[in-house]
Amino acid sequence: MPIQRQLLTIAAAGESLTGLAFILAPEATTRFILGAKPNVAGVMLGRVVGVALMAIGIACWGARNDTGSATRSGTLKAITFYSAGVGLLLVLFAAIAKTGSIVLWSAGVLHLALAAAFAISFRGPKATSSAKSGA
């Protein structure tokens, strides 16, 4: 399904770039996204988050060309759950925090939109695999 490939590419690029930003400049990235300066523990946690985001990006990138396998299916389910959860958390934080910026709102809404797009892509036509096999 080409839409899933495109969504995985978007997720891979976005999460990898954000992860790299958290690894290289956790304080600035946290301030940019959340609008708040992290403490010393927050800087370290930001780097850990960066590594995790890079791992998510790598998994999404690898699953792009792996059509129809259990690995791709698991990656799609995981990135859908991740995007929905992170989107909800960011939007909730933006709504209740005094530091909610346009970047924070945008990141939350983007993650929710990606989760919705991934969820919709699961409902795509299943007949393509039987058409390829000649059935």
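The values are calculated or read from the model by the stated rules, or taken from the named source; none is laboratory data. Being a predicted model, the structure only gives us computed values, none of them experimental. As a convention, Cβ positions derive from the backbone with ideal geometry for all residues, glycine included, and neighbour counts pool all protein chains shown. In case anyone asks, the SASA skips ligands and DNA or RNA and just uses the protein heavy atoms, side chains included. Shrake-Rupley method; radii C 1.70, N 1.55, O 1.52, S 1.80 Å.
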Is it the case that some residue within the range 98-105 is open to solvent by 70 Å² or more (accessible area, probe 1.4 Å), among the aliphatic types (A, V, I, L, M), assigned to a helix (DSSP H, G or I) and under 21 Å from SER121 (Cα atoms)?
no
Which ones in the range 18-46 are in a helix (DSSP H, G or I) and of a type in the set (Lys, Arg)?
ARG31
Among the residues of the range 79-97, the number that are assigned to a helix (DSSP H, G or I), under 16 Å from THR30 (Cβ atoms) and either in contact (Cβ under 8 Å) with a residue 60 or more places away in the chain or touching a strand residue (DSSP E or B) at 6+ places or on another chain (Cβ under 6 Å) (or both) is 0
Any residue in the range 9-17 that is in contact (Cβ under 8 Å) with a residue 12 or more places away in the chain, surrounded by fewer than 18 Cβ atoms within 10 Å (Cβ to Cβ), outside any helix (DSSP H, G or I) and in contact with a Leu (Cβ under 9 Å, 6 or more places away or on another chain)?
no
Kindly provide the set of residues from the range 57-78 that are closer than 25 Å to ALA21 by Cβ, in a helix (DSSP H, G or I) and without any contact (Cβ under 8 Å) to a residue 60 or more places away in the chain, ordered by number.
GLY57, ILE58, ALA59, CYS60, TRP61, GLY62, ALA63, ALA78
I'd like to verify a number: residues in the range 67-95 that are open to solvent by 50 Å² or more (accessible area, probe 1.4 Å) and either over 16 Å from ALA115 (Cβ atoms) or among the charged types (D, E, K, R) (or both), how many?
7
Go through the range 47-66 and give me each residue that's more than 30 Å from ALA28 (Cβ to Cβ) and open to solvent by 90 Å² or more (accessible area, probe 1.4 Å).
ASN65
